[in-house]
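*Asks:* Here it is, the structure, as structure tokens.
The values are calculated or read from the model by the stated rules, or taken from the named source; none is laboratory data. None of the values given here were measured: they were computed from a predicted structure. Note: ideal-geometry Cβ built from the backbone for every residue, glycine included; neighbour counts use all protein chains shown.
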């Protein structure tokens, strides 16, 4: 049997901010640095986001601006919600912690050494020979990357169990003194959260999907269009205006080539797990692939309720698809995530009862 999603669980920090609160707080901050307050408000209103979750109350981000303070919060909150999500996913899958053979954890919004997987393994009681693979610099694409690595592990070691854990706290990368358009957009769209996925080559306890194939595409000489510039004051976001152009120019061809290699046509894809990088990203993917609005509905829903959760987003979307009962047995699905590199990750999925 192909590697199959056994469960997907999520966890969120206790603080949140609505779109109205974001506009009220962000507009004066950037206006004080010379940015057009009307433009800031427009970015927030056009974000498609109703609510996002934060690791700390909004006032914290004004008072604690050092990398030391922010990363200290990252270490605390990442462990809290990472352990919560992992425990819930294992419980839902009916799998004991000591049955986990590999844990792959992803994050690009803070630094922990030892990595998050060590804390989760100790707190939940994993075996001392559990394999651990932290992915720390793959950005928004890492959730899809970890799914591919987990599936490859299971194909090499049948009967195993893999735990995927994505914890992202991008609110802690907010730069108070950076009035660039990239930082304004980042401050308006990113949210904090965690997602855990249990993957195994066995029937799932409930309707789900299996991972059939994967392709990663690295576009040459595009490393400067997305990522972080690590400075004394913290993580400075890099988001280029070239990203939409690259998606419009390259995505459909890459998708069709990948699906053709698997003997599947784009018109045979029934459901889509799309990383909701933002409203424009979803609009571009929808239009380039010729999808209708309903096919990007789960991604829109996740963006509206949680914001862009970086590597965790694609797992939130897959969970939403399952909860909306949009994955039918035997029908194909396509997972798409994009991240720094510039990288596009593609996965062919199939629904199972």
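*Asks:* Does residue 97 qualify as being assigned by TED's automatic domain parsing to the domain that holds residue 56 and in contact with a helix residue (DSSP H, G or I) (Cβ under 6 Å, 6 or more places away or on another chain)?
*Replies:* Spelling it out, residue 97 is indeed assigned by TED's automatic domain parsing to the domain that holds residue 56 and in contact with a helix residue (DSSP H, G or I) (Cβ under 6 Å, 6 or more places away or on another chain).
*Asks:* Name the one entry in 271, 258 that is touching a residue at least 24 places away in the same chain (Cβ under 8 Å) and either touching a helix residue (DSSP H, G or I) at 6+ places or on another chain (Cβ under 9 Å) or on the phi > 0 side of the Ramachandran plot (or both).
*Replies:* Being touching a residue at least 24 places away in the same chain (Cβ under 8 Å) and either touching a helix residue (DSSP H, G or I) at 6+ places or on another chain (Cβ under 9 Å) or on the phi > 0 side of the Ramachandran plot (or both) holds for just one of 271, 258, which is 271.
*Asks:* While we're here: All but one of (1) over 24 Å from residue 339 (Cα atoms); (2) out of contact with any strand residue (DSSP E or B) (no Cβ under 6 Å at 6 or more places or on another chain); (3) without any contact (Cβ under 8 Å) to a residue 40 or more places away in the chain hold for residue 112; state the number of the condition that does not hold.
*Replies:* Going through the list (1) over 24 Å from residue 339 (Cα atoms); (2) out of contact with any strand residue (DSSP E or B) (no Cβ under 6 Å at 6 or more places or on another chain); (3) without any contact (Cβ under 8 Å) to a residue 40 or more places away in the chain, residue 112 breaks only (1).
*Asks:* In region 207-236, which residues are touching a residue at least 12 places away in the same chain (Cβ under 8 Å) and assigned to a loop (DSSP other than H, G, I, E, B)?
*Replies:* Within region 207-236, 207, 219, 222, 223, 224, 225, 232, 233 qualify.
*Asks:* Please work out which residue is nearest to residue 213 (Cα to Cα), limiting yourself to region 108-123 and to residues that are crowded, with 18+ Cβ neighbours inside 10 Å and touching a helix residue (DSSP H, G or I) at 6+ places or on another chain (Cβ under 7 Å).
*Replies:* So, considering only residues that are crowded, with 18+ Cβ neighbours inside 10 Å and touching a helix residue (DSSP H, G or I) at 6+ places or on another chain (Cβ under 7 Å), the one nearest to residue 213 (Cα to Cα) is 108.
*Asks:* Search region 43-67 for residues being surrounded by fewer than 17 Cβ atoms within 10 Å (Cβ to Cβ) and in a loop (DSSP other than H, G, I, E, B), and hand back the single one that is nearest to the chain's Cα centre (by Cα).
*Replies:* As a first pass, look at region 43-67 and keep what is surrounded by fewer than 17 Cβ atoms within 10 Å (Cβ to Cβ): 45-46, 50-51, 57-59, 62-66.
Now drop any that are not in a loop (DSSP other than H, G, I, E, B), which leaves 46, 50, 57-59, 64-66.
On the way: 46: 21, 50: 18, 57: 22, 58: 22, 59: 26, 64: 26, 65: 25, 66: 25 Å.
Residue satisfying both the conditions and the ranking: 50.
*Asks:* Let me ask something else. Would you check if there is a residue in region 13-25 being in a loop (DSSP other than H, G, I, E, B) and either surrounded by fewer than 16 Cβ atoms within 10 Å (Cβ to Cβ) or modelled with pLDDT of 95 or more (or both)?
*Replies:* Among the residues of region 13-25, at least one is in a loop (DSSP other than H, G, I, E, B) and either surrounded by fewer than 16 Cβ atoms within 10 Å (Cβ to Cβ) or modelled with pLDDT of 95 or more (or both), which makes the answer yes.
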